[in-house]
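Q: Can you keep this structure in mind? I'll have questions shortly.
The values are calculated or read from the model by the stated rules, or taken from the named source; none is laboratory data. Being a predicted model, the structure only gives us computed values, none of them experimental. Quick reminder, even Gly has a Cβ in these numbers, built from the backbone with ideal geometry, and neighbours come from all protein chains shown. Surface areas here come from the heavy atoms of the whole protein model, side chains and all, with no ligands, DNA or RNA. Shrake-Rupley method; radii C 1.70, N 1.55, O 1.52, S 1.80 Å.
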Amino acid sequence: MQAKRMGRQSCRLPSRPRVQAFASTAGKKEGEGPLRETFDVVVKDDTLGEKSWEKAEKRMLADTVTLCLNKAGVREEDVDLFLGGDLLNQIVSASFAARGLQIPFLGLYGACSTMAESLLLGAALLDGGFGSRAVCATCSHFSTAERQYRFPLELGNQRPPSAQWTVTGAGATLLTAKPDFPIAVESFTVGRVVDFGQTDENNMGAAMAPAAADTLLAHLKDSGRPLEYYDRIVTGDLGQVGYALMRELCEKEGLALGDRYTDCGCDIFSPEQGLLAGGSGCGCSAVTLNGHLLRMMEKGQIRRLLFMATGALLSPTTTLQGESIPGIAHAVSLEVV
Amino acid sequence: MNGSKQKSAYDRMVKRVSPKSEKPKSLCKAFFVGGLICAIGQGLKDIGVYALGLDLEDASLFCSFCLIFLSALLTGLGVYDKIGKFAGAGSIVPITGFANSIVSPAMEFKREGFVTGVGAKMFQVAGPVLVYGITSSVLAGVLAHILSLLGR
């Protein structure tokens, strides 16, 4: 056990579980953004022909998992675990998708950090010998998130410029214990819940940035690595505001992030799309990882990636009761071996 | 670690980094769109008085009906939220904004059924306006009555 534990929050994975396949599905707006070429599927219609937004979100997740398995040429019965979650109450998108897939399922809730949470748990379970394949997946949908967290879609209200746009999209990664594939999950850091007292739900980036900085510092300390070890450090959905804050918080700790740091929320939309501070939601980091980033790793353009999905652990009730917004970030280290 | 000191330092950092709303621009947009809606309302009222021969009170009602209908129609067509995104308070404050705040949840929650969805959620946004609007009008009425008794 001691051999796998590093420091207070991190673990190394000696068997280095591999990424066998990955898949992403993006909504219409995301498909018009700068990353459009990297998604496997861009839906023409965000309803996916379903009767409700919730059904559309569930379908998107189930289809993306199926696509991921098809890309690997693996059948559902060959996958030991499905680890996933989403933003909706009782994580219905993931569990309803699991109902159709019939892969043994563990539902996770880490808000928008779910992609990293599912990856690190999947990799840990495979490293521990508790399975030979695990599929890790998550999704979000603009229209389901709006009606749960904010207002009806057709309400004519304005958002402040710090607000973010929930990404419509789903991403899935198939991990395997077989060392026959080039991209490996090498170590991970489990985040702490960090709360710097932010209460503005229209500025989630500010609420999550301290958690991202905390996890990055913990990862570097636990692993004893310098920042330069990684070609790329990516946060999930801090958006423009959180991105700037993350840089500043790290600078205060003596870490100059430089060019190697990017944020999925900043990269997924272009400023011309007029979506304010950028993307958010579980789908934001999921489609960016399972499209753009893993493709870059496949091509060898990134060799060492620290993927840190960030989550704001609030509910509409806690916000109404005046509670501040706790943030979390989990880090997963991926390497081309 | 000094928690509260760290938090207030962070608050200052957030304030500095977060983009501000462009107030003069937003105010101008709200003023002109709000004004335009009111001008349309006045036009409708004039139609009521001069073309339909209604008295002033009925013409005002006619004007409100028309504006509510237009707002509901534009909400249904998916246009009113775009006007609102542009105009902000300019399209929220007039009666059209009130109609939009009732029609939009009614549309949104239709899938949860007509009773538990539309019926229960229709006043999700407008409810507080109704509660406090009616309450304050009752209080104002009571106050006016007492004042009129005193003034006699």
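Q: From the list A:ALA134, A:ALA94, A:ALA123, exactly one residue is under 30 Å from A:LEU320 (Cβ atoms), away from chain B (no Cβ under 14 Å) and modelled with pLDDT of 95 or more. Which is it?
A: A:ALA94
Q: Here is a further query. Name the single residue that is surrounded by the most Cβ atoms within 10 Å (Cβ to Cβ) among those in region A:223-241 being in a loop (DSSP other than H, G, I, E, B) and either more than 22 Å from the chain's Cα centre (by Cα) or among the charged types (D, E, K, R) (or both).
A: Taking region A:223-241 and keeping what is in a loop (DSSP other than H, G, I, E, B), we get A:224-226, A:230-231, A:236-238.
Pick out the ones that are also either more than 22 Å from the chain's Cα centre (by Cα) or among the charged types (D, E, K, R) (or both) and you get A:224-226, A:231, A:237.
Values: A:GLY224: 9, A:ARG225: 15, A:PRO226: 9, A:ASP231: 17, A:ASP237: 36.
Selected residue: A:ASP237.
Q: Looking at region A:56-106, which of the residues that are out of contact with any Lys or Arg (no Cβ under 8 Å at 6 or more places or on another chain) and among the β-branched types (Val, Ile, Thr) is farthest from A:VAL42 (Cα to Cα)?
A: A:ILE103
Q: Looking only at region A:242-273, filter to residues that are acidic (Asp, Glu) and in contact with a helix residue (DSSP H, G or I) (Cβ under 9 Å, 6 or more places away or on another chain); which one of those is surrounded by the fewest Cβ atoms within 10 Å (Cβ to Cβ)?
A: Filtering region A:242-273 for residues that are acidic (Asp, Glu) and in contact with a helix residue (DSSP H, G or I) (Cβ under 9 Å, 6 or more places away or on another chain), the one surrounded by the fewest Cβ atoms within 10 Å (Cβ to Cβ) comes out as A:GLU253.
Q: What is the one condition in (1) in contact with a Gly (Cβ under 9 Å, 6 or more places away or on another chain); (2) surrounded by fewer than 17 Cβ atoms within 10 Å (Cβ to Cβ); (3) of a type in the set (D, E, K, R) that A:GLU30 does not satisfy?
A: Status for A:GLU30: all satisfied but (2).
Q: Would region A:48-60 turn up any residue that is more than 14 Å from A:PHE142 (Cα to Cα), open to solvent by 30 Å² or more (accessible area, probe 1.4 Å), part of a helix (DSSP H, G or I) and modelled with pLDDT of 95 or more?
A: Checked region A:48-60: at least one residue is more than 14 Å from A:PHE142 (Cα to Cα), open to solvent by 30 Å² or more (accessible area, probe 1.4 Å), part of a helix (DSSP H, G or I) and modelled with pLDDT of 95 or more.
Q: Also, I was wondering about something else. List the number of the failed condition for B:PRO94; all other conditions in (1) closer than 26 Å to A:SER143 by Cα; (2) within 13 Å of chain A (Cβ to nearest Cβ); (3) touching a residue at least 12 places away in the same chain (Cβ under 8 Å) hold.
A: (1)
Q: Sort out which residues of region A:154-180 are buried (at least 18 other Cβ atoms within 10 Å of the Cβ) and either of a type in the set (Lys, Arg) or away from chain B (no Cβ under 14 Å) (or both), and write them in order of number.
A: A:THR166, A:VAL167, A:THR168, A:GLY169, A:ALA170, A:GLY171, A:ALA172, A:THR173, A:LEU174, A:LEU175, A:THR176, A:ALA177
Q: I've got another one for you. Where residues in region B:80-117 are open to solvent by 60 Å² or more (accessible area, probe 1.4 Å) and among the β-branched types (Val, Ile, Thr), which of them is nearest to A:GLY274 (Cα to Cα)?
A: Here the answer is B:ILE92.
Q: Yes or no: B:ALA99 within 11 Å of chain A (Cβ to nearest Cβ) and closer than 19 Å to B:GLY41 by Cβ?
A: yes
Q: Could you check, for region A:253-261, whether at least one of its residues is in contact with a Gly (Cβ under 6 Å, 6 or more places away or on another chain) and at pLDDT 95 or above?
A: no
Q: Out of A:TYR261, A:TYR229, I need the residue that is of a type in the set (Phe, Trp, Tyr) and closer than 14 Å to A:MET308 by Cα. Which one?
A: A:TYR261
Q: Please list, ordered by residue number, the helices (runs of 4 or more DSSP H) wholly in region A:242-337 having 2 or more residues that are within 18 Å of A:ALA207 (Cα to Cα) and not assigned by TED's automatic domain parsing to the domain that holds A:CYS68.
A: A:264-267, A:282-288, A:316-320
Q: Take region B:63-91 and flag every residue that is away from chain A (no Cβ under 11 Å) and β-branched (Val, Ile, Thr). Before you say what the answer is, go through the steps one by one.
A: To start, the set of residues in region B:63-91 that are away from chain A (no Cβ under 11 Å) comprises B:63-70, B:73.
If the condition is that a residue be away from chain A (no Cβ under 11 Å) and β-branched (Val, Ile, Thr), then B:ILE68 is the only one that fits.
Q: Got at least one residue in region A:136-153 being open to solvent by 40 Å² or more (accessible area, probe 1.4 Å), within 17 Å of the chain's Cα centre (by Cα) and not β-branched (Val, Ile, Thr)?
A: Checked region A:136-153: no residue is open to solvent by 40 Å² or more (accessible area, probe 1.4 Å), within 17 Å of the chain's Cα centre (by Cα) and not β-branched (Val, Ile, Thr).
Q: Which condition number does A:THR318 fail, the rest of (1) open to solvent by 20 Å² or more (accessible area, probe 1.4 Å); (2) farther than 24 Å from A:LEU227 by Cα; (3) touching a Ser or Thr at 6+ places or on another chain (Cβ under 9 Å); (4) in contact (Cβ under 8 Å) with a residue 12 or more places away in the chain being met?
A: The number of the failed condition is (4).
Q: Restricting to region B:9-31, name every residue that is surrounded by 12 or more Cβ atoms within 10 Å (Cβ to Cβ) and part of a helix (DSSP H, G or I).
A: Within region B:9-31, B:ALA9, B:TYR10, B:ASP11, B:MET13, B:VAL14, B:VAL17, B:SER26, B:LEU27, B:CYS28, B:LYS29, B:ALA30, B:PHE31 qualify.
Q: For region B:102-152, name all the residues that are within 30 Å of B:LEU44 (Cβ to Cβ) and acidic (Asp, Glu).
A: B:GLU108
Q: Something else now. Any residue at all in region A:184-199 that's touching a residue at least 60 places away in the same chain (Cβ under 8 Å), surrounded by fewer than 21 Cβ atoms within 10 Å (Cβ to Cβ), over 21 Å from A:LYS252 (Cβ atoms) and facing chain B (nearest Cβ under 9 Å)?
A: No - not one qualifying residue is present in region A:184-199.
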